[in-house]
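Structure first, commentary second.
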Amino acid sequence: MSLSLAAEQPAPPVDAEDGAWLECIECGETFAPFADIRYTCDECDGLLEVRYVDLPSLDDFEGRGVWRYADALPLDSGVTTQEGATPLYEVPRLENDVGVEALRIKHEGMNPTGSFKDRGMTVGVAVAKELGVDRLACASTGNTSAALAAYGSRGGMETLVLLPAGKVAAGKIAQASLHGARILEVDGNFDSCLDIVQELAARGEAYLLNSLNPFRLEGQKTIGLEILEAFRDDYGAFPDRIVLPVGNAGNTSALYKAFRELVQVGDLPLEDVPKLTGVQAAGAAPMVEAIENDADEVRRWDDVETRATAIRIGNPVNAPKALPGIRETDGTAVAVSDEEITDAQRDLAEEGIGVEPASAASIAGLRKLRADGVVTDDERVACLTTGHLLKDPDAAAAAGSDPQPVPNDTEGVLEHLHE
Ligand code: F0G
């Protein structure tokens, strides 16, 4: 099975081009990476992964940001706005409060457009250029559309985004709009937007840049590489666990792929592989349901609801890649309530870290798993926070305190302060 943690580096097919090829995770069919436009397997419609003739070691990388890892990516350079190299914050109070040996926050909200999506787009948009397409498209709960709009316009291409009407945070729509995307508001949820955009892509109307696109996930793999390098430098060991919010399960799949490749080159011993731990909002938790029921497939939830609109997703399309990732790393998945998410958003804000609701799910999930004893007090943990606070100013304002009106003079202000 190609997605096993112990799988060996596969032999390249004869048509491997530029040191890489595409391989179906279900039937093993292989394809040249840039010969034609395809998102899934021609034979069985399974998900595709990029494979490399030569995998680099963690010690081979040079430079800063996503393109530091060019040797582990399908191209040497991309359409870039200097994405990646995000902070890995220490949070001593929160670490103490949660009760783990070490807790670090990998804040992906510090990317150029304010979310981890930039890491995927710098690669995906460059591949689109290589393929010679002129129109890019995605369905989005907001962040993907912001990143696609920015990177697409930087790459000189038209962008089309399909958003669930009324369910996308204000900051994200503003970004997609200013960066020049054509925004279509669909009277449906994210999952139906993705169904439509997949059909548009299949009909040749646009190049699809959702996380079904295997090249995008290659860029997102660099989150894992950065975390592993930093833990090795700071603690002399890789993290025991990485906790992350889950929507379409693209990041879960990408981190797992980073681990598998490091195992294959001998940099990551099997017993040191971090436990991938996914967190979903209780109102949109099909992955958690599948993990809890030990199911092979994820059941699509037609009705989803959560304040964390970025992960308001009922049909995680990357589940066939992500379920083995969680299981093979001995990780787990957990659901948290909207109240727990908002509390975690406040916890992070107290440490000076501003995140959008979906991002805070990782901390909320960690708290819950620590309270349940699933996470133990000797663990070193990295939590991923995926998007910046300003993405969703309404949620931030609702979670914070209200401004207080005061008179326009010092005495009046003092009187108010001493009330
Ligand atoms: N966190 C944030 C802030 C997101 O925007 C997303 C996904 C996720 C987590 C989930 O990541 O899909 O890799 O499991 N947002 C997509 C979008 C769906 O359209 O912006 P995943």
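The values are calculated or read from the model by the stated rules, or taken from the named source; none is laboratory data. These figures come from a predicted structure and were not determined experimentally. Neighbour counts run over all protein chains shown; Cβ positions are idealised from the backbone, glycine included. We work out accessible area using only protein heavy atoms, side chains counted, and drop any ligands, DNA or RNA first. Shrake-Rupley method; radii C 1.70, N 1.55, O 1.52, S 1.80 Å.
Would you confirm, using the coordinates I've provided, whether PRO407 is surrounded by fewer than 23 Cβ atoms within 10 Å (Cβ to Cβ) and outside the structural domain of ILE242 (by TED's automatic domain parsing)? Explain how you work it out, then say what you get.
Values: surrounded by fewer than 23 Cβ atoms within 10 Å (Cβ to Cβ): yes; outside the structural domain of ILE242 (by TED's automatic domain parsing): yes.
Judged against the criteria, PRO407 is a match.
Report those helices (runs of 4 or more DSSP H) wholly inside region 333-419 carrying at least 1 residues which are under 28 Å from GLU101 (Cβ atoms), acidic (Asp, Glu) and touching a residue at least 40 places away in the same chain (Cβ under 8 Å).
Hits in region 333-419: 338-350.
Only one residue in LEU270, LEU262 is over 22 Å from PHE215 (Cα atoms), touching a Leu at 6+ places or on another chain (Cβ under 9 Å) and surrounded by fewer than 24 Cβ atoms within 10 Å (Cβ to Cβ). Which one?
LEU270
Can you confirm whether GLY65 is within 17 Å of the chain's Cα centre (by Cα) and within 16 Å of the ligand (Cβ to nearest atom)?
no
Taking region 206-325 as the region of interest, the helices (runs of 4 or more DSSP H) fully inside it that hold 3 or more residues being modelled with pLDDT of 95 or more and more than 16 Å from the ligand (Cβ to nearest atom) are 214-235, 250-265. Scanning region 151-191 for residues that are closer than 20 Å to GLU83 by Cβ, part of a helix (DSSP H, G or I) and within 12 Å of the ligand (Cβ to nearest atom) returns GLY171, LYS172, GLN175, ALA176. Candidates are the residues of region 113-150 that are charged (D, E, K, R) and within 20 Å of THR385 (Cβ to Cβ); the one that is nearest to the ligand (Cβ to nearest atom) is LYS117. Flag set for GLU23, criterion: in contact with a Lys or Arg (Cβ under 6 Å, 6 or more places away or on another chain) and either open to solvent by 20 Å² or more (accessible area, probe 1.4 Å) or of a type in the set (A, V, I, L, M) (or both).
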